[in-house]
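Every number here is computed from the coordinates shown, using simple stated rules; none is lab data. On a predicted model such as this, the values are computed, not experimentally measured, just so you know. Cβ sites come from the backbone with ideal geometry, for glycine too, and all protein chains shown count toward neighbours.
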Amino acid sequence: MKKTATVRKHVSKRATRRDLNAELREIIADVKAGKWARKTQFTRRADGNWRRRIVLSDGTVEKDEIVPATDWALAARAGTGLSQAQFAKLIGVSLRTLQEWEQGRKRPSGPAAALLRIVARDPEVVGALSH
């Protein structure tokens, strides 16, 4: 029991030191000002694959990899230039589902896979989806 009381006391002390509202306001102000902490850049390669670079705001490259054109979820989104949230909303799936597809933990079902292949081959088709 004494250990639990010590943990609660420690947690409450730590919680009083942070002003989460102030932190959120600062983050929102940074976003509105165009500041970012991490940015993903996609570049189409001559062989049809995609190069994905994740760059931190200080210019440090966090990740630099080649994504095969057959990775339909990532290739489709890369071609559109949309964020994960924007692309997920556009194709009618949850953000979590899109993340699972892109990270290879799940595979899209038949109709979703077909849509992703179409968008990956012709990213301009998303214009028709948004109307």
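At 222 nm, what helix-only mean residue ellipticity would the chain give, in deg cm²/dmol to the nearest 500, using -39500 (n - 2.57) for each DSSP H run of four or more? Each step should come with its number before you reach the end.
Working: 7 runs with 70 residues, N = 131.
So the calculated ellipticity at 222 nm is -15500 deg cm²/dmol.
If packing is taken as the average number of other Cβ atoms within 10 Å across a peptide's residues, how do 75-81, 38-44, 114-120, 19-25 rank, most packed first?
On the way: 75-81: 22.3, 38-44: 12.7, 114-120: 18.4, 19-25: 9.4.
Descending packing order for the listed peptides: 75-81, 114-120, 38-44, 19-25.
Quick one: what are the phi-derived ³J(HN,Hα) couplings along the range 37-52, Karplus 6.51/-1.76/1.60 with θ = phi - 60°, whole Hz, x for glycine and proline?
9, 8, 9, 9, 10, 10, 10, 6, 9, 4, 7, x, 6, 10, 9, 10
Just one of [x] 16.8, 50; [y] 15.3, 44; [z] 20.2, 65 is Rg and Dmax of the Cα atoms in Å calculated from these coordinates, so which is it?
Entry [z].
Assuming R0 = 35 Å, what is the FRET efficiency of R45 and N21, from their Cβ-Cβ distance, to the nearest 0.05? Mind showing how you got there, number by number?
Details: r = 45 Å, r/R0 = 1.28.
Taking R0 as 35 Å, the efficiency between R45 and N21 is 0.20.
List every residue whose amide H lies under 5 Å from the amide H of K106, counting only residues 5 or more places away in sequence or on a different chain, with H placed 1.01 Å from N in the peptide plane.
W101
Gaussian network model of the chain, Cα springs within a sub-10 Å range: biggest mean-square fluctuation belongs to which of S94, S83, S109?
Maximum among the listed residues: S109.
Once the other residues with Cβ under 11 Å from the Cβ of D64 are scored (Lys, Arg +1; Asp, Glu -1), what is the net sum?
On the way: positive: R51, R52, R53, K63; negative: E62, E65.
Residues close to D64 contribute a combined charge of +2.
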